[in-house]
Amino acid sequence: MNKGPAYGQVGVVHDILKDSNGQTYVAERSDAVAAKTLFESIEGIDIMTPSAVALPSLQQALASGDVDMMHALFSTSVVVLKGSRKKTQQPL
């Protein structure tokens, strides 16, 4: 786990977070596993690890009011856009 904030670094991430008043969130492994399980049970597809890590952060942003429901729904669709590992390995 990175103990320093992401915007403490110099570069593109710093610039984007600063210009957008962006936030960073900490997603514990157990939260990512729970979000992955929940998503798979609701949507019926598995998601890759980066998406599983992003979902708890999105849940935190929604709970804190940093994003509204419409942005959360859009962000969720972007987070899982790459699809499921099992489904991407199936032949067309």
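Per-residue packing, averaged as other Cβ atoms within 10 Å, sorts the ranges 33-42, 49-58 into the order 49-58, 33-42, beginning with the highest. Net charge of the neighbourhood of Gln60, taken over other residues with C-beta under 13 Å away and scored Lys/Arg +1, Asp/Glu -1, is -3. Taking the fewest neighbouring Cβ atoms within 10 Å as the starting point, the ordered list for Asp31, Asp19 is Asp19, Asp31.
No value in this document is a laboratory result; all are computed from the given coordinates. On a predicted model such as this, the values are computed, not experimentally measured, just so you know. In this analysis, Cβ positions are derived from the backbone assuming ideal geometry, glycine residues included, and neighbour counts consider all displayed protein chains.
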